[in-house]
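Below: the structure, in structure tokens.
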């Protein structure tokens, strides 16, 4: 759907943000929009909204320094809009009780784990949808090996999720995404500190997905033909993945 200017004069009462005459076109709303639904041109003094992308989260209204943006009453707000936002600094969550480990020397890059993960979680064999990622080779390094989610001690995906769609599984400690709350903004992917990001995006459902440790029985481990994948557990918790440096805080 093409972009359109929605003002308080012509804005429909359907829950989408509209802009008033006090707008100074600073662009803060556009820079903070998690879905990229806003476009602001300071030179042309234009403010445009792409409804197909707007998730009605209200971030633009909160960030506006002139209170120029208004959210008109919606007929029915999405479930994600009711969720409490996070952005805690630092983010304190229980340690994971399990983590997938890869012996790079034993991994042969066959991608059986990749296909098994996609089949288990999505019912199809797909490299793009799989929650198991592969370290891609380049012209200097031709080794390619599996790189699973590390269930970080300080999960940045959880910190930057604007609708608290990511939580800690009580049994495994895995950081899992609630598909009912996920709004597909991909902030979790953009802020994953790992390369490549351990979170995937499904263009059909417009939802993000990540490793759930299969409820404590990872199918990728069972399918690995060389035994390169193992599932390490500790009931007391495991410090793994990304950990916020002591005394350092990222501003959101």
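Only the coordinates and a few stated rules stand behind these numbers; no lab work does. Predicted model, so just to flag it, every value in this text is computed and none were measured. Here the Cβ is made from the backbone with ideal geometry for all residues, glycine too, and neighbour counts use every protein chain on show.
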Gain upon complete extension [residue 143, residue 92; 0.36 nm per residue less C-alpha separation]: 14.8 nm
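Ranked from highest to lowest mean number of other Cβ atoms within 10 Å per residue, what is the order of the peptides 213-226, 32-45?
Packing proxy ranking, top to bottom: 213-226, 32-45.
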Mean-position separation - Cα centroids, region 26-76 and region 99-172, in angstrom: 34 Å
In nm, spacing of pseudo-spin labels at residue 41 and residue 195 (7 Å Cα→C-beta vector): 3.5 nm
Where labels lie 7 Å past Cα in the beta-carbon direction, separation of residue 233 and residue 14 in nm: 4.9 nm
Highest-first arrangement of 230-238, 193-201, where packing means the average Cβ count within 10 Å: 193-201, 230-238
Computed label-point distance, nm, for sites residue 48 and residue 26 using a 7 Å Cα→Cβ extension: 2.4 nm
Cβ crowding within 10 Å averaged over residues, with 18-29, 179-190, 146-157 ranked highest first: 146-157, 179-190, 18-29
